[in-house]
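Computed from the coordinates by the stated procedures, all read-outs in this text should not be read as laboratory data. The shown structure was predicted, so the numbers you read here are calculated from the model rather than taken from an experiment. Virtual Cβ from ideal backbone geometry, glycine too; neighbours counted across all protein chains shown.
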Number of protein chains: 2
Amino acid sequence: MSQFLPTPSVVIDTAVMESNIASMAETIRKTGVRLRPHAKTHKMPWIALRQIEAGAVGITVAKVSEAEVMAAHGVPDIFIAYPLVTPDKIARALELASRIRLIVGVDSREGALRLAEAATSAGRTLEVRLEIDTGLRRTGVLYEEALELGRFIGSLSGLQLTGIYTFRGALMNGKATLDLQAAGEEEGRLMAELAQRLRDAGLAIDDVSVGSTPTAAYAATVPGVTEVRPGTYVFQDRMQARLGVCALTDCAGAVRVTVVSRPTADLVVVDGGSKTFATDVQPNTDPLQLRGFGHVIELPDAVLERLSEEHGMLRLGPEAQASTLAVGDVLHIIPNHICSTVNLHNQVYFLRNGKYEAETVLGRGKLE
Amino acid sequence: MSQFLPTPSVVIDTAVMESNIASMAETIRKTGVRLRPHAKTHKMPWIALRQIEAGAVGITVAKVSEAEVMAAHGVPDIFIAYPLVTPDKIARALELASRIRLIVGVDSREGALRLAEAATSAGRTLEVRLEIDTGLRRTGVLYEEALELGRFIGSLSGLQLTGIYTFRGALMNGKATLDLQAAGEEEGRLMAELAQRLRDAGLAIDDVSVGSTPTAAYAATVPGVTEVRPGTYVFQDRMQARLGVCALTDCAGAVRVTVVSRPTADLVVVDGGSKTFATDVQPNTDPLQLRGFGHVIELPDAVLERLSEEHGMLRLGPEAQASTLAVGDVLHIIPNHICSTVNLHNQVYFLRNGKYEAETVLGRGKLE
C-alpha cells in the first residue's frame with residue numbers, strides 16, 4: 001500500500017468490517033431475535049444503513065444529537081438508549097419522533113414526568129423503554145424497583161411504554177468476567193423474568209432489549225429476549241479480541257502512525273498520543289490485563305506503554321529492537337477501544353478495492 | 001446564571017482566564033525571559049493573540065495543521081515543538097515559513113536530513129531547534145548525544161539551528177515530583193549548560209527554551225534560559241491545582257453537566273463520560289493521587305469515580321447524599337486535564353459580562 005495517507009489516522013479494512021456486519025447479523029438472525037446495533041462505534045450514517053441492509057431493525061444511539069445526524073441521512077428507526085431529562089433534548093426528540101420511529105430511554109419518575117408533560121403539551125405520544133440496572137451501577141432503575149416505576153410510567157398519558165432494556169457488558173455478580181456465555185445468559189434471564197413480571201402487572205412489554213458485543217450472541221438465545229444491541233462488533237478492537245469475542249485479524253480498524261523518533265534501541269516514539277488513541281480502556285486493569293494502549297501489528301512485541309497528547313512511546317521487545325525500524329517508518333496499531341478512538345478523529349480512511357478513501361465521522365463529538 | 005446552555009459543555013470564566021494570562025506574563029516578564037505559551041490547552045487563535053498582546057513573543061504548537069490554523073488567524077510567530085519527518089508535513093511547514101516566522105523541532109539525524117533536503121530543494125532556509133531529552137524519555141536526542149547531533153545539524157545547508165528545547169513537566173531524577181522549584185531549576189540548569197557546550201563548539205545557540213506550567217516560573221530564573229513554554233496556565237486545571245501551581249479558584253474552565261439519574265442515595269449519573277472528560281490523567285496515580293476524574297464544584301465530597309462514554313458516575317459522600325440533588329440539576333466539574341478535555345469539544349462557552357458565548361475550538365482534532 002504505497003498510497004499517501006496523513007498520519008496519525010484511523011484506517012478501516014472495509015472487507016473485514018463487512019464480514020463483521022454479516023457475521024453478527026447471521027448469528028442473531030438464527031436466534032430469531034432482532035438486532036439493533038449501537039452506532040457509537042462508527043458514528044457514520046452510511047454504516048448504520050449497511051447494518052440495516054444486513055438485517056438490523058434499526059440502530060441505537062446515546063444522544064439526541066446523534067439521532068438527528070442519523071435520521072438526517074436516512075436511518076428510519078432509532079432508539080436513544082439514554083434518559084433524556086432536559087427540555088431542549090426532549091423537544092428535539094419529540095420533533096424527531098414526528099419524522100421517524102423513535103424510542104427513548106427512561107429510568108426515573110422525574111424523567112418520566114418530564115417526557116410525559118412535554119409529549120402531552122405537544123399532543124403526541126412518545127414511545128419509551130424503561131432502563132434497568134442489572135448490576136453495572138450506572139443509569140437504570142434498580143432491578144427491585146422496576147415494577148413500581150414501570151407501573152407509574154404505564155399510568156402517564158403521553159408515554160407508551162413498550163419495552164425494557166439494560167446494558168451490562170461482560171459482567172457477572174457485579175464483577176467483570178471473561179465467562180461471556182454465563183454473563184450473557186444471566187443478563188437475558190434477569191430481563192426476561194422482569195418483563196414477565198411487568199406483563200403480569202398489566203403492562204404491554206413487547207421489547208426486552210439486552211446485550212453488548214461480548215454477550216449479544218449468548219443473551220439472544222434466552223427465551224423472552226427480543227432484541228440485542230451490540231456496537232463494537234462492526235470494527236472489533238483489541239479489548240474484544242482479549243475478551244475472546246474475535247481474533248485480532250477480525251479487527252477492521254487500526255491507527256496508522258509514523259515513527260518520529262528512535263532515541264534508543266528500546267524506545268520508539270510515534271506521532272499519535274492521547275489525542276489519537278482513546279485512554280478510557282487503560283492497560284493492566286482487570287480482567288483484561290492489556291499490555292499498553294494498542295497492539296502493534298508489525299511489531300507484536302512492542303508495547304505502546306505511555307502516551308502524552310501527541311506522542312506515543314513504544315517500548316520495543318528483543319524482536320522489535322533487532323528490526324530496522326527507523327524515523328519515517330509507518331506502523332499500524334489496533335487500539336484498545338475503537339469506539340472512543342474513532343470519536344477523536346474527524347475523518348476515517350476506508351480501504352476499498354486496494355485504495356483508501358476518506359469518510360467524515362458525521363456523528364463525532366455529538367455530546368448533546 | 002439562568003441562561004440556557006446545552007450539556008455537557010465546557011464553560012470558561014473569561015475573567016479568570018485573563019487573570020491567568022496576565023499573571024504568567026508578569027511572572028515571566030520579571031525574569032527577563034521570553035514567554036511562548038503552548039496553544040495546546042485552548043486551541044483557539046483568538047486566545048493565542050490575547051497571550052501575545054499580554055507579552056508573549058509567539059506561541060508553541062505540536063502539529064503543522066495547528067500552526068496553519070493559528071497562522072490563518074493572524075498569529076505571526078510559531079514554534080512547532082515536534083519533529084516533522086514526513087514529506088507532506090515538511091512541505092506544509094516550508095510553505096508556512098514563507099508567510100510567518102516559523103521554527104521547527106528536530107531530534108534526529110534522519111529528521112534533520114529530511115528537513116534540510118526539502119528546504120534546500122525549495123531554495124529556503126528553515127529555522128530549527130534541537131530537542132533534548134532531559135529525562136522524560138519521549139522525543140528528544142539523549143542529553144549526552146546532543147553535542148554530536150547539534151554539530152551535524154549545524155553542518156547542513158537549508159537549516160539554521162538557532163536553539164535547543166526540552167519538555168520535562170514536573171520531573172526530578174526521572175520521577176514525577178511535587179518539588180517544582182527544584183525540578184524547574186534543574187531543568188533550566190541542564191539546558192543552559194548544554195547550550196554553552198554547543199556554543200563552545202561553534203554553534204550559534206540563541207534560544208534555550210524550557211518549562212511547562214508547573215516549572216516555567218522557576219526555570220525562567222536560571223541564567224542562560226531565554227524562553228519558557230507553559231500551556232495549561234491559561235485555564236489551569238485540577239492537576240495543576242493538585243501540583244500546587246494554583247488554587248482551584250484559579251481554574252477558569254469547568255465541564256457543565258446535567259444529572260440524568262440518581263438511582264440510589266450514593267450514586268448520581270451525569271451526562272458527561274469519557275467523550276466529555278479526558279481520561280489521560282487517571283485517578284489515584286503518583287504523585288497526584290487525584291480522587292476521580294474531576295472536582296465537583298457544588299459538591300466537593302462527590303467523586304467522579306467511573307466514566308463510560310456518555311455516563312459519569314458520581315459517588316456521593318455524606319454531604320452530597322444529604323443534598324437535594326435531583327434529576328435535571330446542573331453541576332460544574334473541574335476536569336483533571338483541561339487540554340485534552342477541550343480537545344473533545346467542538347465549541348466552548350465563554351462567560352463574558354454575565355453571559356455565555358460560544359466559540360468554536362478551531363484547532364481541535366488537528367492531528368497532522
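Numbers below:
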quantity: Dipole magnitude of the protein assembly as shown, debye to nearest 20 (Cβ charges: Lys/Arg +1, Asp/Glu -1, about Cα centre); calculated: 820 debye
quantity: Relative contact order for segment B:248-360, counting Cα pairs under 8 Å that sit 6 or more residues apart, in percent; calculated: 30 percent
quantity: Local net charge near A:Ala252, Cβ-Cβ under 15 Å (Lys/Arg +1, Asp/Glu -1); calculated: -1
quantity: Label spacing, shortest first and in nm, from A:Ile100 to its equivalents in the remaining copies (7 angstrom along Cα→Cβ); calculated: 4.0
quantity: Within segment B:52-186, percent of DSSP bridges classed antiparallel, to nearest 5; calculated: 10 percent
quantity: Other copies of B:Ala326: label-to-label distances in nm, shortest first, labels 7 Å along the beta-carbon direction; calculated: 6.9
quantity: Calculated FRET efficiency for the pair A:Ala326/B:Ala182, C-beta based, R₀ 35 Å, to 0.05; calculated: 0.40
quantity: Links that overshoot a 32 Å alpha carbon limit, given the list A:Lys63/A:Lys275; A:Lys175/B:Lys366; A:Lys30/A:Lys89; calculated: A:Lys175/B:Lys366; A:Lys30/A:Lys89
quantity: In degrees, nearest ten, helix B:87-97 long axis to first principal axis of chain B (Cα); calculated: 80 degrees
quantity: Cβ neighbours within 10 Å from other chains - mean over A:248-260; calculated: 2
quantity: Selection from B:Ile297, B:Leu331, B:Ser274 lying farthest towards where the dipole of segment B:248-360 points positive, charges on Cβ; calculated: B:Leu331
quantity: 10 Å Cβ neighbours from other chains, averaged over peptide B:337-345; calculated: 3
quantity: Residue order, fewest to most surrounding Cβ atoms within 10 angstrom, among A:Leu130, A:Leu325; calculated: A:Leu325, A:Leu130
quantity: Highest average packing first - B:314-324, A:23-33, B:74-84, B:111-121, Cβ atoms within 10 Å; calculated: B:74-84, B:111-121, A:23-33, B:314-324
quantity: Taking B:Glu193, B:Glu131 and counting other C-beta atoms within 10 Å, the order from fewest to most; calculated: B:Glu193, B:Glu131
quantity: Chain B - share of DSSP beta bridges that are antiparallel (%, nearest 5); calculated: 50 percent
quantity: Filtered trypsin sites (Lys or Arg not before Pro), segment B:193-238: DSSP coil and at most 12 other beta carbons within 10 Å; calculated: none
quantity: Rel. contact order, % - alpha carbon contacts under 8 angstrom, at least six apart, segment B:76-231; calculated: 18 percent
quantity: Unit charges at the beta carbon, dipole of segment A:33-230: most positive-side option, A:Ala112, A:Ala176, A:Gly55; calculated: A:Gly55
quantity: Packing-based ranking, highest mean first, of A:278-291, A:137-150 given that Cβ atoms within 10 Å are counted; calculated: A:137-150, A:278-291
quantity: Segment A:1-64: C-alpha gyration tensor shape, a/c 1.5 cut-off, then a/b vs b/c; calculated: oblate
quantity: 7 Å along Cα→Cβ, label-point gaps from A:Glu357 to other copies, nm, shortest first; calculated: 4.3
quantity: Max mean-square fluctuation residue, GNM over chain B, Cα-Cα springs under 10 Å, options B:Ser308, B:Ser340, B:Ser19; calculated: B:Ser308
quantity: Where rotation carries A onto B, the chain A residue whose Cβ is nearest that axis, in whole Å; calculated: A:Thr279, 2
quantity: Cα centroid separation - segment A:38-106 against segment A:275-332, whole Å; calculated: 35 Å
quantity: Unit charges on C-beta of K, R, D, E only; dipole of segment B:162-207, Debye; calculated: 140 debye
quantity: For chain B: relative contact order, % (alpha-carbon pairs under 8 angstrom, 6 or more apart); calculated: 19 percent
quantity: Within 10 Å of each Cβ in A:135-142, the average number of Cβ atoms from other chains; calculated: 6
quantity: For B:Phe350, A:Phe4, A:Phe152, order by how many other beta-carbon atoms lie within 10 Å, fewest first; calculated: A:Phe4, A:Phe152, B:Phe350
quantity: log₁₀ of I(q)/I(0) at q = 0.12, 0.17 Å⁻¹ - segment B:32-234, Debye sum with one point per alpha carbon; calculated: -0.55, -1.13
quantity: B:Gly163 long-range amide H proximity, modeled H, under 5 Å; calculated: B:Leu130, B:Asp206, B:Asp207
quantity: Electrostatic dipole magnitude of segment B:32-234 [Cβ: Lys, Arg +1; Asp, Glu -1; Cα centre; debye, to 20]; calculated: 440 debye
